[in-house]
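Right, one structure below, let's go through it.
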Amino acid sequence: MRGKTPKRDILPDPKYNSVTISKLINQIMRGGKKSVAQKVVYDCLDLIKEKMKKDPLEIFDGAVRNVAPEVEVKSRRVGGGNYQIPVPVLGNRKNALAFRWLITAATNRKGAAMRHKLAEELMAAYNKEGAAIKKRDDTYRMAEANRAFAHFIRH
């Protein structure tokens, strides 16, 4: 049996000096092209600044906070049946899920550059609307519907 893999320290991004922005950049990055991902995120934040006339970091943090889920459902096989069991989301997984949902929602928007799509999705999430918020609400609904199976968590 080997030990756990140590968590890597992620350096804050150069422009905003924020670790969360750095993590978003890393999630958006494809094929190791960090400079491309950085340009997408920075252009997106500049667009937000232009449109909303507010600090883009404030909008970004608000959007992530609004999308980050408190509960999720996990599949467990209990006595011949698969159950969706609601479990609380712990630690860094909240942000990881929030980033994943925001990026997926932005990617699925049609007909614009990624920086525009991401900016739109972040602004929508900040205002508690958009596809990422819908995804969170669907997850909550699933958890609520399967609350009866919550006692299977510790078996």
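Points worth noting:
- Out of Val41, Val36, sole residue that is β-branched (Val, Ile, Thr), touching a residue at least 12 places away in the same chain (Cβ under 8 Å) and within 20 Å of Thr104 (Cβ to Cβ): Val41
- Output for the range 16-45, where each listed residue is over 23 Å from Trp101 (Cβ atoms) and either in contact with a Phe, Trp or Tyr (Cβ under 6 Å, 6 or more places away or on another chain) or part of a helix (DSSP H, G or I) (or both): Ser35
Condition check ((1) touching a residue at least 24 places away in the same chain (Cβ under 8 Å); (2) over 15 Å from Val40 (Cβ atoms)) across all residues:
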position: Asn108; (1), (2): no, yes
position: His116; (1), (2): yes, no
position: Leu122; (1), (2): yes, no
position: Asn127; (1), (2): no, yes
position: Ala132; (1), (2): yes, yes
position: Asp138; (1), (2): no, yes
position: Arg147; (1), (2): yes, yes
position: Phe152; (1), (2): yes, yes
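- Apart from one condition, Ile48 fits all of (1) closer than 28 Å to Tyr16 by Cα; (2) part of a loop (DSSP other than H, G, I, E, B); the exception is (2).
- Qualifying residue in the range 16-28 (condition: β-branched (Val, Ile, Thr), buried (at least 19 other Cβ atoms within 10 Å of the Cβ), farther than 14 Å from Met114 by Cβ and touching a residue at least 12 places away in the same chain (Cβ under 8 Å)): yes
- Extreme residue, farthest from the chain's Cα centre (by Cα), among residues of the range 48-65 that are among the aliphatic types (A, V, I, L, M) and crowded, with 19+ Cβ neighbours inside 10 Å: Ile48
Every number here is computed from the coordinates shown, using simple stated rules; none is lab data. Everything numeric in this text was worked out from a predicted model, so none of it was measured. Positions of Cβ are generated from backbone atoms using ideal geometry, with glycine treated the same way; all protein chains shown enter the neighbour counts.
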